[in-house]
Amino acid sequence: MTTATRPASLGIREVAEQTGLSMDTLRWYEREGLLPLVDRGSDGRRRYSPAAVRFILLVQALRRTGMPVADVRRFVQFGGGTTENHAPRMAMLEKQEAAIRQRIALLQHDLGLVQDKIRTYRDLLARGLDCEDETEGVEPA
């Protein structure tokens, strides 16, 4: 593959800008084994392929949705590229998907409670009542 047809690699600063992660976080991810081996240019600087950036975005999503560092590391250690690694990786992703769906359901429930309270306060304010008026006759928890 010639340089003209090879996808451009990015330096750590560009990857940080694209992902919103700091350069220190990217380095930490690498040290902690949360990223496959990062290529180095002839100058010794990190070079990230488009596939590496996509993987970083996946790792970022897994962490943001609560996957523990140890599980992300295990996901990376399964490695990619070979079919025998697809099943364990997919199982981990399916488990994380279920956890995300459960969290979304809880958040939707909590959002409903907050929205109900906002409606109550708006109603009380519209009637000129103090927000504490709503709690009259209610025993403290």
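Using the Cα centre as the reference, give the magnitude of the dipole from point charges on the C-beta atoms of the chain (Lys, Arg: +1; Asp, Glu: -1; all else neutral), rounded to the nearest 20 debye. If you can, show how the numbers build up before the last one.
Details: 21 positive and 20 negative charges, 245 e Å.
In total the dipole reaches around 1180 debye.
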| said: Show me, for the stretch 112-126, the HN-Hα J-couplings you get by feeding each phi into the Karplus relation (A = 6.51, B = -1.76, C = 1.60, θ = phi - 60°), rounded to Hz, glycine and proline as x. | reply: x, 5, 5, 4, 4, 5, 4, 4, 4, 5, 4, 5, 4, 5, 5
| said: Using the crude model of +1 on Lys and Arg Cβ and -1 on Asp and Glu Cβ, and no other charge, please compute the dipole size for the stretch 1-68 relative to its Cα centre, in debye to 20. | reply: 60
| task | For the stretch 1-68, would you read off the P(r) tail past 19 Å as a percentage of all alpha carbon pairs? | result | 29
| request: Could you pull out every residue, at least 5 positions away or on a different chain, whose amide H is within less than 5 Å of the one on Arg47? Hs are placed 1.01 Å off N in the peptide plane, and Pro or chain starts have none. | output: Asp39, Arg40, Gly41
| field | Inter-site label distance for Glu84 and Ala99 at 7 Å from Cα along Cβ, in nm | value | 2.7
| task | For the stretch 51-60, just list the computed ³J(HN,Hα) in residue order, Karplus coefficients 6.51, -1.76 and 1.60, θ = phi - 60°, integers in Hz, with x standing in for Gly and Pro. | result | 5, 5, 5, 4, 5, 4, 4, 5, 4, 4
| Spin-label pair Glu132/Ala51, simplified geometry with 7 Å Cα→Cβ offset, distance in nm | 6.5
| task | Using the Kirkwood radius over Cα pairs, work out the Stokes-Einstein diffusion coefficient for the stretch 17-141 at 4 °C and 1.567 mPa s, in µm²/s as a whole number. | result | 70
| note | Subtracting the Cα-Cα distance of Glu32 and His109 from 0.36 nm times their residue separation yields 24.2 nm
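FYI, it's all coordinate maths here, none of it is from the lab. In this text the structure is predicted, and so the values were computed from the model without any measurement. No Cβ is skipped: glycine too gets one built from the backbone with ideal geometry, and neighbour counts run over all protein chains shown.
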